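Structure record follows, encoded as structure tokens.
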There are 2 protein chains.
Amino acid sequence: MFVGVDIGGTKVAAGLVDMYGEISTPVRLPMVSHDSAEAGLSAVLQAIAQVISQGDAQVSGIGICSPGPLDPATGIILNPPNLPCWRNFPLAEAVQKVHRVPVQVDNDANAAALAEARWGAGRGYPSVFYATIGTGIGTGIIFDGHIFHGRTGAAGEGGHVSIDYRGPLCGCGKPGCIEVLASGTAIAKRARQKIVAGGKSSMLGLAGGNLDAVNGEIVGEGFAAGDPLATEILTEAADMIALWLGNMIDLLDPHVIVIGGGAAALLRPLFEHMRQRIPKLTVNPRSVEVPIVSSRYGADSGIAGGAALCT
Amino acid sequence: MFVGVDIGGTKVAAGLVDMYGEISTPVRLPMVSHDSAEAGLSAVLQAIAQVISQGDAQVSGIGICSPGPLDPATGIILNPPNLPCWRNFPLAEAVQKVHRVPVQVDNDANAAALAEARWGAGRGYPSVFYATIGTGIGTGIIFDGHIFHGRTGAAGEGGHVSIDYRGPLCGCGKPGCIEVLASGTAIAKRARQKIVAGGKSSMLGLAGGNLDAVNGEIVGEGFAAGDPLATEILTEAADMIALWLGNMIDLLDPHVIVIGGGAAALLRPLFEHMRQRIPKLTVNPRSVEVPIVSSRYGADSGIAGGAALCT
């Protein structure tokens with residue numbers, strides 16, 4: 001059994017994961033890291049201790065998804081904007097000192113990609129391109145059962161591949177990243193903009209007349225109800241993601257594309273539309289063969305991902 | 001010694017290549033493939049025979065750059081638009097039958113990337129991203145001394161990574177590929193368009209008043225002479241290539257970027273400009289460290305590349 005730990009800006013989740021990728025005894029604690037590195041570490045150690053005591057299992061490794069940037073080779077957190085107290089913090093070493101088992105650290109999208117390759121929708125495929133579409137867009141690349149880390153551990157940042165060099169600026173400072181164009185946040189923002197611009201839509205009513213409440217879920221409800229504006233917005237997002245996935249296929253030619261994340265459900269009805277677009281958006285003559293599938297793991301992808309780092 | 005062979009639409013070039021990547025006894029014959037697969041094969045075999053007899057060397061392998069798509073695992077040419085007679089043609093097998101040494105086949109950019117990694121500007125780096133900027137833009141990815149082929153052999157088509165999802169259609173049918181935006185062809189076309197649109201420039205004079213003669217070289221001459229329109233066009237192209245290379249760094253995090261091809265000379269004065277842009281066009285906090293260097297091989301990259309396939 002492994003312990004998988006998923007550290008967010010406000011919470012830390014952890015669970016036991018078995019050799020089939022099944023999660024048990026999940027716990028969730030607040031992440032209190034604003035005061036000091038030790039306070040953040042303490043929350044992580046407490047979550048791990050709770051999981052181990054509740055699960056009453058022999059644990060052979062601990063894997064942690066942490067906000068980056070980080071160095072997966074050493075388990076050192078470099079300078080995370082969402083956890084400033086952890087600047088140059090040796091997280092793997094600190095946890096290993098307490099629990100005396102191997103500790104691995106990586107970012108959440110890389111770890112979740114590995115969990116999908118080991119136990120999930122990417123199982124059995126030699127290479128996996130994984131994308132998690134939520135507030136942002138994260139990606140991970142798996143080659144032959146290993147996370148592709150590149151030179152510095154920072155490879156696989158497909159969410160910051162730009163498909164619009166003159167496009168809107170992403171939070172990262174670069175124009176036209178797929179994240180700023182087609183994440184859940186971007187989809188909801190575009191819906192609000194189009195409603196403000198006078199687009200007729202049932203979405204405002206679904207949000208109780210409150211424009212600020214028009215979020216990704218409301219767009220999804222509108223789409224399911226046949227709302228033309230919601231359909232237009234989601235189809236645009238699916239077309240952008242299809243072009244971006246076409247880029248990934250032409251560059252990486254993976255065996256499978258796995259899509260997860262909170263906003264993936266929004267786009268799932270459009271997966272077939274995306275599949276049909278991709279042959280027109282690739283030079284790879286066999287791009288049509290690449291399956292585009294939904295991830296096994298949902299909100300618990302970080303727990304499974306952490307554990308997968310131990311395998 | 002290896003024989004490297006470079007097959008183009010109209011010519012076949014070949015040469016002997018030693019273990020240091022030095023090319024000797026180069027030959028160049030017309031490629032006559034429009035009649036039959038055998039005529040094309042005959043030109044290739046003749047070029048190889050000439051190289052071997054002139055070089056008077058023991059040859060331990062033959063490597064061939066061929067127009068694709070092709071299957072590098074089997075050496076079968078699939079359905080090349082520029083060599084229609086070679087549809088499903090087992091090129092490696094046909095050459096091996098005659099010369100009785102191992103024969104490898106790959107596309108020119110992959111092979112040239114490998115030659116740079118073995119013997120050229122990428123030597124000593126564990127991973128190499130190679131781009132050849134000429135009539136089109138081709139790329140090759142080298143990981144740990146091997147061409148990255150992906151699932152079907154069609155990986156590494158970075159020239160067809162789009163950075164403008166609403167952009168002009170590339171020859172491949174996809175909008176906004178870097179090839180249609182910043183190849184030598186694209187640069188020359190933009191120069192002619194801007195001149196027609198009334199842009200003041202010395203380039204038309206440099207081309208003897210003939211608009212059709214405004215090509216990449218003329219743009220380069222204009223830039224060298226300080227022509228503002230030529231400077232604007234090349235800076236735009238360099239900015240687009242910098243964003244595209246930023247995408248490659250965020251996805252692949254390579255140890256070095258090697259740039260070759262006929263139009264690379266045009267952009268060389270702007271390499272420093274590109275290097276300065278890249279940190280703003282990547283989330284990788286160490287992107288500034290990635291060297292961007294000129295290739296060792298020029299017009300003979302296909303010969304060196306072919307030979308590198310044998311190593």
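Counting Cβ atoms of other protein chains within 10 Å of each Cβ in B:241-250 and taking the mean gives 5. Per residue of chain A, the DSSP helices (runs of n ≥ 4 H) give a summed -39500 (n - 2.57) that works out to -11000 deg cm²/dmol at 222 nm.
For A:Ile64, the residues whose amide H sits under 5 Å from its own are A:Val5, A:Gln104, A:Val105, A:Asp106, ignoring neighbours fewer than 5 places away on the same chain, with H placed 1.01 Å from N. For the protein assembly as shown, lysine pairs separated by 8 or more sequence positions, or belonging to different chains, with Cα-Cα distances below 25 Å total 13. Above 34 angstrom, tally the Cα pairs of chain A and express them as a % of all pairs, no decimals. Taking all Cα-Cα pairs of chain A, the fraction more than 34 Å apart is 25 percent. Between helix A:184-196 and chain A there is an angle of about 30 degrees, using the helix long axis and the longest principal axis of the Cα atoms.
Among DSSP bridges having both ends in the range A:124-294, what percentage is antiparallel? Round to the nearest 5.
Beta bridges within the range A:124-294, antiparallel portion: roughly 60 percent.
Using Cβ point charges alone (K and R +1, D and E -1), the dipole size of chain B about the Cα centre works out to roughly 400 debye. Using a Gaussian network model of chain B in which every pair of alpha carbons under 10 angstrom is joined by a spring, one finds that among B:Gly134, B:Gly226, B:Gly262 the greatest mean-square fluctuation is at B:Gly226.
Near the amide H of A:Ser294, within less than 5 Å, lie the amide hydrogens of A:Ile259, all on another chain or at least 5 residues away, with H placed in the peptide plane.
Considering only beta bridges that DSSP places wholly inside chain B, some 60 percent are antiparallel. Across the identical copies, the label point of A:Gly262 (7 Å from Cα in the Cβ direction) is separated from its matches by 5.2 nm, in order from shortest. Highest-first packing order for the peptide set A:106-119, B:268-281 is A:106-119, B:268-281, based on the mean count of other beta carbon atoms within 10 Å.
Per residue of B:168-180, other chain Cβ atoms within 10 Å of the residue Cβ number 3 on average. A simple count of charges around B:Pro285, restricted to other residues whose Cβ falls under 13 Å of its Cβ and scoring Lys, Arg +1 and Asp, Glu -1, yields -1.
Peptide B:282-294 shows a mean partner chain C-beta count of 4 within 10 Å per residue C-beta.
Mean separation of Cα pairs under 8 Å and 6 or more residues apart, divided by the residue count, gives chain A a relative contact order of 21 percent. Among B:Arg296, B:Arg190, B:Arg151, the largest mean-square fluctuation in a Gaussian network model of chain B, built with springs joining Cα atoms closer than 10 Å, belongs to B:Arg151.
Note on the protein assembly as shown: antiparallel DSSP beta bridges, both residues inside, total approximately 60 percent of the bridges counted.
Against chain B, whose longest principal axis is taken from its Cα atoms, helix B:108-119 shows a tilt of about 80°.
Can you give the charge dipole size of the protein assembly as shown about its Cα centre, rounded to the nearest 20 debye, using +1 on the beta carbon of Lys and Arg and -1 on the beta carbon of Asp and Glu?
Magnitude of the dipole: close to 660 debye.
Pairing the Cα long axis of helix B:228-252 with the longest principal axis of chain B, what angle in degrees results, from 0 to 90 and rounded to the nearest 10? Between the helix axis and the principal axis of chain B, the angle is about 60 degrees. In the elastic network of chain A, a GNM with C-alpha springs shorter than 10 Å, the most mobile of A:Gly140, A:Gly209, A:Gly124 is A:Gly209.
FYI, it's all coordinate maths here, none of it is from the lab. From a predicted model like this one, the values you see are computed outputs, not experimental measurements. Cβ coordinates were reconstructed from backbone atoms using ideal geometry, including for glycine residues, and neighbour counts include every protein chain displayed.
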